[in-house]
Amino acid sequence: MISGDVVVNRKGEVRIQRGHPWVFRTDVTAAEESLEPGAIVRVLGPRHAPLGFALFSTLSEITLRLITRGSVLPEDFLARRIEEALRLREVVAAGTSALRLVHGEGDGLPSLVVDRYGDVLVMQTLSQGMERLKSEIVRVLVERLSPRGIIERNDPRVRQLEGLPSIVGLLWGDVPKTLEVEEGGLHVSVDPWTGQKTGLFLDQRENHLAARAYARGRALDAFTYNGGFALQMAAAGSEVLAVDSSAEALERTRANAARNGLTSVTLREANVFDLLRDLERHGERFDVIVLDPPAFAKSRAAVEKAQRGYKEINLRAMKLLARGGVLISCSCSHHVHEADFEAILAAAAVDAGVALTIVEKRRQARDHPVVLGVPETYYLKCFVLRRLE
Ligand code: SAH
């Protein structure tokens, strides 16, 4: 199973010792020529002290992804890690039919994602190392969970950095085009083959439910996708305006509302940036506003532009908020950290001339674990703010 040794410099060694699972190419000082893409390697420090085992990439800037810090790699490490991941879900997502079973680094299985929608599993293997382990992963999942079917949604762009092709395909059993799952007592449809991400934004599941508590009066769900927030707020009694630029996403929101007998959801196909300005011009007011845009900063280079985007939509939303109203504002950009996002919100409030209190600081659902000391793994920030005056 172990193909060879890779030596890292002092910086790489310190990173690993501090708990970071990645070593960049610039910190690798020696790797055997014969190592194949995705090989499992032993990692040694500059004085050849064993540091652990890692997945090796021949192309990515992230050359090593640590899979264990131990001095031995158990034969069945994959099955063990998956089992540990499943145990956590029994605690944090018991009884949920749509959830993330394996969340990469957060489960000690870097670059592997496994999502569950009822009796179907959707997998992503986002590095050469996990790609190589694909059939072994399928074997473990089938044995442990007996799913009806497993597909791979290996179409995220990050695969290109690993020289891996974009593939969407069946790996096991059969997987229908559309499935129905339950979220917070509502029935929602999922298209695991072509929906965004693996079908749903599972990282927002707990925040969707949290939004119920704030729902009242008139609500705006900007960037609604399939109605994750809108449907919960409507079920809790709000009159909801749900907005997205994708007609397809809105069609599914409409069908989801109908399926649950929710008649207080109005849909609008629009660019949120334009719509917020229009609503302001018409003097509209909302009691609850949810902002859940796509990641504006997909790379470090894009951070500045992203910050302007976040400030713009938040400023506009704050102006639309009624007194005592609640703004649920999210950012899923890895490169915009919580403190940065808080500073953007504070600056937006100053420009909007409103005073807000922080009611909650929420994050990605607990089935998307954050690794302590690895800020990149805390990507979804969700602030609940209340307008004082
Ligand atoms: N809130 C959703 C997830 C939103 S994902 C949930 O909890 O499930 C982001 C959504 O924003 C996508 O559906 C995408 O189609 C939409 N989107 C992206 N840019 C947009 C824009 N400028 N205006 C409106 N919608 C946009």
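The values are calculated or read from the model by the stated rules, or taken from the named source; none is laboratory data. Note that the coordinates shown come from a computational prediction; the quantities given were computed from them, not determined experimentally. Using ideal geometry, Cβ is built from the backbone for each residue, glycine included, and neighbour counts are taken over all protein chains shown.
Would you call Tyr214 more than 10 Å from the ligand (Cβ to nearest atom) and surrounded by 16 or more Cβ atoms within 10 Å (Cβ to Cβ)?
yes
Out of the range 58-73, which residues are assigned to a loop (DSSP other than H, G, I, E, B) and either in contact with a Leu (Cβ under 6 Å, 6 or more places away or on another chain) or under 13 Å from Arg42 (Cα atoms) (or both)?
Ser60, Arg69, Gly70, Ser71, Val72, Leu73
Please give the number of the condition Gln204 fails out of (1) more than 16 Å from the ligand (Cβ to nearest atom); (2) more than 21 Å from Ile82 (Cβ to Cβ).
Only one criterion is unmet by Gln204, namely (1).
At pLDDT 95 or above, of a type outside the set (Phe, Trp, Tyr) and either touching a helix residue (DSSP H, G or I) at 6+ places or on another chain (Cβ under 9 Å) or more than 15 Å from the ligand (Cβ to nearest atom) (or both), is that true of Val181?
no
Please go through the range 139-178 and pick out each residue that is touching a Phe, Trp or Tyr at 6+ places or on another chain (Cβ under 9 Å), closer than 25 Å to Leu59 by Cα and either surrounded by 14 or more Cβ atoms within 10 Å (Cβ to Cβ) or modelled with pLDDT under 95 (or both).
Of everything in the range 139-178, just one residue is touching a Phe, Trp or Tyr at 6+ places or on another chain (Cβ under 9 Å), closer than 25 Å to Leu59 by Cα and either surrounded by 14 or more Cβ atoms within 10 Å (Cβ to Cβ) or modelled with pLDDT under 95 (or both), namely Arg153.
Which members of the range 271-287 meet the condition of being closer than 30 Å to Val181 by Cβ, assigned to a helix (DSSP H, G or I) and not β-branched (Val, Ile, Thr)?
Of everything in the range 271-287, just one residue is closer than 30 Å to Val181 by Cβ, assigned to a helix (DSSP H, G or I) and not β-branched (Val, Ile, Thr), namely Leu275.
Among Asp221, Asp274, which is over 24 Å from the mean Cα position of the chain (by Cα) and within 9 Å of the ligand (Cβ to nearest atom)?
That would be Asp274, the only listed residue that is over 24 Å from the mean Cα position of the chain (by Cα) and within 9 Å of the ligand (Cβ to nearest atom).
Only residues in the range 220-241 that are farther than 22 Å from Phe273 by Cα count as the first member; pair them with residues that are hydroxyl-bearing (Ser, Thr, Tyr) and away from the ligand (no atom under 11 Å from the Cβ), Cβ under 6 angstrom, at least 6 apart or cross-chain, and list the lot.
Pairs that qualify, where the first residue is farther than 22 Å from Phe273 by Cα and the partner is hydroxyl-bearing (Ser, Thr, Tyr) and away from the ligand (no atom under 11 Å from the Cβ), are Ala234/Ser264.
Say whether the condition of being surrounded by 20 or more Cβ atoms within 10 Å (Cβ to Cβ) and away from the ligand (no atom under 15 Å from the Cβ) is met by at least one residue in the range 241-250.
no
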